[in-house]
Amino acid sequence: MDKKRFAILISGYGRGAIQILLDNEFGFIQPTLSLVLSSNPDSGALNFAKEFAVPSEFVDKKRFKDRNEFEVEIIKMLEKYKIDFIFLAGWNYILTSSFIKKYDRRIVNIHPSILPYFQGTNAITQAIESKVKFTGVTTHFVDEGIDTGEIIDQKIVYIDNNEDFDKLDFKIFKQGAVLSVNTINTVFK
């Protein structure tokens, strides 16, 4: 039986994607990592992908007149690499309903909170400012809402008194690295 193929989509530096690339290199990832696609030409994950011989592509959103054209180009890339599943690791664009329907229950996002709390952007800052005792990280299927899709798995991260952003971000990242591998191996089969 052929292994399923998946892509990682990123918009930033790609710290989470780099961790997945490392985990893949060490043999912790069971499906085939077949593409790292970035909307950021300066993403460090693109360099790591090349170093580990994983195909990588840059798609410049500015080249397209609207979101639909941008997504058509992304779909072309996904089809070129025969992608079965998509892992969003810091993808900064809301996907259209037609894109989501095309890849129904095959798009997973990782979010730095225990959903449904602290949806959307700045989740870590929201957790610190709300003075909650814990937050965490969630993987979920992507639907048409913002961080509203069916939850796949979660890990709790406790917040120390006077926790600053960088420390909490690092703790969440470490738990997210474990959660990413578990989710990819469980869902992308």
Would you mind telling me which numbered condition in (1) within 20 Å of TYR103 (Cα to Cα); (2) within 18 Å of the chain's Cα centre (by Cα); (3) acidic (Asp, Glu) ASP23 fails? (1)
Quick one: GLU57 ticks every box in (1) at pLDDT 95 or above; (2) of a type in the set (D, E, K, R); (3) loosely packed, with under 15 Cβ neighbours inside 10 Å bar one, so which box is it? (3)
Considering (1) surrounded by fewer than 17 Cβ atoms within 10 Å (Cβ to Cβ); (2) in contact (Cβ under 8 Å) with a residue 60 or more places away in the chain, say which one PHE26 fails and leave the rest. (2)
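Please go through the stretch 31-77 and pick out each residue that is of a type in the set (Ser, Thr, Tyr) and either assigned to a strand (DSSP E or B) or on the phi > 0 side of the Ramachandran plot (or both).
Initially, the stretch 31-77 is screened for residues of a type in the set (Ser, Thr, Tyr), giving 32, 34, 38-39, 43, 56.
Hits for the stretch 31-77 are THR32, SER34, SER38, SER56.
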Scan (1) part of a strand (DSSP E or B); (2) more than 16 Å from the chain's Cα centre (by Cα); (3) free of Cβ contacts under 8 Å to residues at least 40 places away in the same chain for the single condition ASP153 breaks and write down its number. (2)
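Could you tell me whether GLU129 is exposed (fewer than 12 other Cβ atoms within 10 Å of the Cβ) and farther than 23 Å from ILE107 by Cα?
Details: exposed (fewer than 12 other Cβ atoms within 10 Å of the Cβ): yes; farther than 23 Å from ILE107 by Cα: yes.
When the stated conditions are applied, GLU129 passes them.
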Got a sec? Which of LYS101, LYS82 is surrounded by fewer than 17 Cβ atoms within 10 Å (Cβ to Cβ), at pLDDT 95 or above, touching a Lys or Arg at 6+ places or on another chain (Cβ under 9 Å) and among the basic types (Lys, Arg)? LYS82
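The values are calculated or read from the model by the stated rules, or taken from the named source; none is laboratory data. Being a predicted model, the structure only gives us computed values, none of them experimental. Using ideal geometry, Cβ is built from the backbone for each residue, glycine included, and neighbour counts are taken over all protein chains shown.
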